[in-house]
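Every read-out reported here was derived from the displayed coordinates using simple, explicitly stated rules and does not represent laboratory data. Since we're looking at a predicted model, the values are computed, not measured. Cβ coordinates were reconstructed from backbone atoms using ideal geometry, including for glycine residues, and neighbour counts include every protein chain displayed.
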Amino acid sequence: MPKELNSSDFNKYARIGAAVKLAELEQEIAALRRAFPGLTSSAATAKAPAAPAAKSVPAAKPTRRRGRKRPMSPAERKAVSERMKKYWAERNKTKS
């Protein structure tokens, strides 16, 4: 049965795992450099081509923050009030 790990053991195993992952990444970088010999880290960041956009999927519309609503004038408030009173009167009449 495995024993409980203390913090020093846990850190030791985490470092070993990180070292293994780092070695894997370095091997992958070496393979990419062999496959693309003209590719260097400074040239890649400066001249990286943009990924082609998928033409079948439309681009999402950028979201905008809405500004504040302009305040209603007293005439507009009265018109809304009258419309809503009429609406609710009709609605209550059909329920009864």
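Assorted remarks:
- Modelled FRET efficiency - R0 41 Å, L25 with E4, Cβ distances, 0.05 increments: 0.85
- Phi-based couplings in Hz for the stretch 63-70 (Karplus 6.51, -1.76, 1.60; Gly and Pro marked x): 7, 10, 7, 7, x, 5, 6, 6
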